[in-house]
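The values are calculated or read from the model by the stated rules, or taken from the named source; none is laboratory data. Note that the structure is a prediction, hence the values are computed from the model and not measured. Every residue, glycine among them, receives a Cβ derived from its backbone with ideal geometry; neighbour counts consider all protein chains shown. Surface accessibility is based on the protein's heavy atoms, side chains included, excluding ligands, DNA and RNA. Shrake-Rupley method; radii C 1.70, N 1.55, O 1.52, S 1.80 Å.
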There are 2 protein chains.
Amino acid sequence: MEIKAIQDYYPDQLSYCFGCGRLNEKGHQIKTVWDGDETLSRFTPQPYHIAIPGYVYGGLIASLIDCHGTGTAALAAYRNEGREPGTEPPFRFVTASLQVDYLAPTPLGPELEIRGKVAEIKGRKVISEITVSANGVVTARGRVVAVQMPEKMVE
Amino acid sequence: MEIKAIQDYYPDQLSYCFGCGRLNEKGHQIKTVWDGDETLSRFTPQPYHIAIPGYVYGGLIASLIDCHGTGTAALAAYRNEGREPGTEPPFRFVTASLQVDYLAPTPLGPELEIRGKVAEIKGRKVISEITVSANGVVTARGRVVAVQMPEKMVE
């Protein structure tokens, strides 16, 4: 059975996000799934996603952490209610704040692995702790505070 | 007299950054200048830089803050030494950490104004406080800790 990513459940009109919208042809289209108690996305930067020669642009890493954070928040909200994505009412989150610590230069070339852990779910807010790895080495850490959109925006 | 942006002084091999490299044809190519005691960049998002309909993708805002922060750091480092960009030795910074608070959705369409203030210069580190505005309204605030690259990387 193929596991659908959380982004595959977003309503069409909310699927144009540059970072994770499946309908944005120019975007990154990241896909976020559960991997045990962690969430996982993968992304292979393009050669033009460069910072300095040989390394990935930090703004791209921030973008990946951002969208992985909102995807993690949505996955966590469904699991927290004991129901599957695709059931009603839908969850969709926006980012309230984003923190990124760049621990080491991220090599440009290999696929990046973005992993999230849910740190807190409280009311309409989900906080996640995120790592970005290349070749198995964590090069950046992030923290995303995501807030649930008003229901009227996700219908 | 046309004022050159700090990015116009970066050595060619360090001018491919996706956010601010003047030689990256696919990148944002932001340009950062002094405006009194503040630093200023401008950027007009493309229609595909969307988050939800009508609003700018938060990852792009993080990217703009990131590069505006490293540009601000370089401008501040020269001014702190009482010399002009283009004089030797060159300064070039990378991001150590990035914090973004999204205060309100940023409307997609108008040019964004990114302004920075130098909060601290200490050794090889420059911390800047940054705002992003659309139509004169601040929609995001950021804080960038930038660290000077080793000299051997900027020659």
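Here are some notes:
- Spin-label zone in the range B:48-73 - amide nitrogen under 14 Å from a point set 7 Å from the Cα of residue A:25 along the C-beta vector: B:48
- Relative contact order, percent, the range B:70-128 [alpha-carbon distance under 8 Å, six or more residues apart]: 42
- ³J(HN,Hα) computed for each position of the range A:18-34 - Karplus, 6.51 cos²θ - 1.76 cosθ + 1.60, integer Hz, glycine/proline x: 4, x, 9, x, 5, 9, 8, 5, 8, x, 7, 6, 6, 10, 10, 10, 6
- Computed from backbone phi, the HN-Hα couplings of the range B:73-88 come to 4, 5, 4, 5, 5, 5, 4, 5, 9, x, 9, 8, x, x, 7, 9 Hz, rounded to whole numbers (Karplus: 6.51 cos²θ - 1.76 cosθ + 1.60, θ = phi - 60°; Gly and Pro given as x).
- Gyration tensor (alpha-carbon) shape descriptor, the range B:3-53, a/c threshold 1.5: oblate
- Its relative contact order, with pairs defined as Cα atoms under 8 Å and 6+ residues apart, puts chain A at 23 percent.
- Across the identical copies, how the residue A:135 labels are spaced - nm, sorted shortest first, 7 Å along Cα→Cβ: 4.8
- Applying the criteria of a DSSP loop state and at most 13 other Cβ atoms within 10 Å to the GluC sites (Glu not before Pro) of the range B:1-71 yields B:2, B:25.
- In this assembly, the B-A interface accounts for approximately 2500 Å² of buried accessible surface in total, computed with a 1.4 Å probe and without ligands, DNA or RNA.
- Environment charge at residue A:121 (Cβ cut-off 11 Å; Lys +1, Arg +1, Asp -1, Glu -1): +2
- In Å², nearest 10: area of residue B:10 left accessible to a 1.4 Å probe: 10
- Peptide A:62-69 shows a mean partner chain C-beta count of 5 within 10 Å per residue C-beta.
- Per residue, in Å², the accessible surface of the protein assembly as shown once ligands and nucleic acids are set aside, probe 1.4 Å: 45
- Nearest chain B C-beta to the B/A rotation axis, reported as residue and distance in angstrom, is B:62, 2.
- Per residue of the protein assembly as shown, the DSSP helices (runs of n ≥ 4 H) give a summed -39500 (n - 2.57) that works out to -5500 deg cm²/dmol at 222 nm.
- Counting from the shortest, the label point at residue A:37, 7 Å from Cα toward Cβ, is 5.0 nm from the same position in each remaining copy.
- Using a Förster distance of 25 Å, the FRET efficiency for residue B:138-residue B:3 (Cβ separation, nearest 0.05): 0.55
- Residue A:30 sits among other residues whose Cβ lies under 13 Å from its own Cβ, and their net charge, with Lys and Arg +1 and Asp and Glu -1, is 0.
- Label 7 Å beyond Cα on the Cβ vector: residue A:81 copy-to-copy distances, nm: 5.7
- Total lysine pairs under 22 Å (Cα atoms) in chain B, excluding pairs fewer than 8 apart on one chain: 8
- Magnitude of the charge dipole for the protein assembly as shown, about its Cα centre and with charges confined to Cβ atoms of Lys, Arg (+1) and Asp, Glu (-1), is about 340 debye.
- Extreme residue, positive dipole direction of the range B:1-119, given options B:96, B:70, B:114 (C-beta unit charges): B:96
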